[in-house]
1. With the full set of protein chains in place, find how many percent of the accessible area of the chain is carbon and sulfur; take the probe as 1.4 Å.
2. Sort 152-159, 209-216 by the packing proxy (mean of other Cβ within 10 Å over each peptide's residues), most packed first.
3. When the chain is fully extended, how far beyond the present Cα-Cα distance does residue 248 get from residue 211, taking 0.36 nm per residue of separation?
4. Using Cα pairs under 8 angstrom and six or more residues apart, how large is the relative contact order of the chain, in percent?
5. Mind giving me the nanometre distance, one decimal, between the label points for residue 220 and residue 200, set 7 Å out from Cα along Cα→Cβ?
6. Averaged across orientations, what area in nm² does the convex hull of the alpha carbons in the range 163-277 project?
7. What FRET efficiency comes out for residue 7 versus residue 108 if R0 is 25 angstrom and r is the Cβ-Cβ distance? Round to the nearest 0.05.
8. Running Debye on the chain with equal point scatterers at the Cα sites and no solvent, what base-10 log of I(q)/I(0) appears at q = 0.10, 0.12, 0.15 Å⁻¹?
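The values are calculated or read from the model by the stated rules, or taken from the named source; none is laboratory data. In this text, all values refer to a predicted model and were calculated from it rather than measured experimentally. Don't worry about glycine lacking a Cβ; one is built from the backbone with ideal geometry, like all the others, and counts go over all protein chains shown. All accessible areas refer to the heavy atoms of the entire protein, side chains included, with ligands and DNA or RNA removed. Shrake-Rupley method; radii C 1.70, N 1.55, O 1.52, S 1.80 Å.
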Amino acid sequence: MPEELRLRGRLFLDAEIHAVTGLHIGGAGGKVAIGGVDSPVIRDPITDEPILPGSSLKGKMRSLLERWGGYEPNHPIGQARIHVCQSPDRYSNCPVCHIFGVPGELPFAYPTRLVVRDAFLTDGSREALRRADTDLPFTEVKWEAAIDRITSAAVPRQIERVPAGAVFRARRFGAPGAPDEAGALMVYHIYFPRDLDWFLHVVEAMGLVEDDYLGGYGSRGSGQVAFRRLRLGYKIAAPSALYPEAISWISRDPIPDLAEFRRALPALLDSIRPHIS
Ligand SMILES: [Zn+2]
């Protein structure tokens, strides 16, 4: 086990999430959905706009990375099962458990490396959807035939979706128009130098999501997403220094898509490596 647990710094990955097809991320339907659709999307309770919860994206990234790596799903979480290393030996070499976390009660575990923020409609998408005269505010209603399991009859069902073309982004918290507007979709913690190399798996998981889907009804076309306009930055400082105020963005201009970002990533990480003591 490595010695001292010290937060050496953080990576910041900012990206837009584009709905390539209609996106259905289900809400709990607490205040029974407007329009009474059978399957509503999750909305921000204050603005009433659809949101893309960080937990949905992070959970999908984890489950696809587990499947790709052949990790045994041995731990029940709600109705699903995830992989959790059961011994310190296995854990010490497992990127999935380090990046995505393990249940808090495991005595040998370090803090989760990856934080995925909630994403919100961009200003442009909000305006476009307002102008588009959608079925419900910001969303469309798609009819699907559900099969009644007892009678085998096709029952029409209304699915609410965020229309294709909508763009989501993590919320900024810097002053509008400030040169280094803060905020990023993902924050990744670096405790040990090896964490920097394992960041590759975060980006790998994003690629797995692009070829799969987010939310519900994916096998019938919903939920195809693409990551666009990606930027990598960091806050890293020597042990005695103060925690940096601003993110140091490596590339001034965003990288247009995930494939190009993955090609650039080894060089980007190499440029950060010397800062980690
Ligand atoms: Zn593991």
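1. Carbon and sulfur together cover 53 percent of it.
2. Per-residue Cβ counts within 10 Å, averaged per peptide and sorted highest first, yield 209-216, 152-159.
3. 10.3 nm is the gain from fully extending residue 248 to residue 211.
4. Taking the mean separation of contacting Cα pairs over the length of the chain, I get 31 percent.
5. Between residue 220 and residue 200, the simple spin-label model gives 4.0 nm.
6. That works out to 8.7 nm².
7. For residue 7 and residue 108, the calculated efficiency is 0.85.
8. These q points yield log10 I(q)/I(0) values of -0.59, -0.83, -1.20.
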